[in-house]
1. Taking loop as defined by DSSP and a crowding limit of 15 other beta carbons within 10 Å, which trypsin sites (Lys or Arg not before Pro) in segment 27-88 fit?
2. Is there a quick way to get the dipole size of segment 30-81? I mean about its Cα centre, with the Cβ of Lys and Arg at +1 and of Asp and Glu at -1; what is the value in debye to the nearest 20?
3. Taking K and R as +1 and D and E as -1, what net charge do the other residues with C-beta under 12 Å from the C-beta of residue 54 add up to?
4. If I histogram all Cα-Cα distances within segment 30-81 using bins 5 Å wide from 0, what percent of pairs lands in each bin?
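Every number here is computed from the coordinates shown, using simple stated rules; none is lab data. Since the structure is predicted, the reported quantities are computational estimates derived from the model, not experimental observations. Methodologically, a virtual Cβ is constructed for each residue, glycine included, from the backbone with ideal geometry; neighbour enumeration extends over all protein chains shown.
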Amino acid sequence: MNTTNNTYQKGTIGSDDFKNLVKSCQYVDKSLFIKDVLKDEFQVPLITRPRRWGKSSNMSMLKTFLEIEVDEHGNELPEEQKKESYIL
């Protein structure tokens, strides 16, 4: 929040785009959610939360994480080697 005129940074209120949210000063790190989802052995995860509790932003974070292309050693590929195929 900007303390000089009490306005919120544009694009963060009601936004569910992880790439924009993580750059804002209002982002709460919930990256352990990725670990929980990947360790879950259920066929279909059911995520129930009340309105405005970050379900869409968590899905956007998971999507962003799963789209990272890595080599056989787990290092992120340089831009020129990425295939740009999207999972979701």
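1. Numbers: sites: 30, 35, 39, 51, 52, 55, 63, 82, 83; in loops: 30, 51, 52, 82, 83.
When the trypsin sites (Lys or Arg not before Pro) of segment 27-88 are filtered for loop state and at most 15 Cβ neighbours within 10 Å, 30, 51, 52, 82, 83 remain.
2. Numbers: 8 positive and 10 negative charges, 175 e Å.
Using only the charged Cβ atoms, the result is roughly 840 debye.
3. Numbers: positive: 30, 49, 51, 52, 55; negative: 16, 29.
Overall, the nearby charge balance is +3.
4. Over segment 30-81, the share of Cα pairs per 5 Å bin runs 4, 16, 21, 23, 15, 10, 7, 3, 0 percent.
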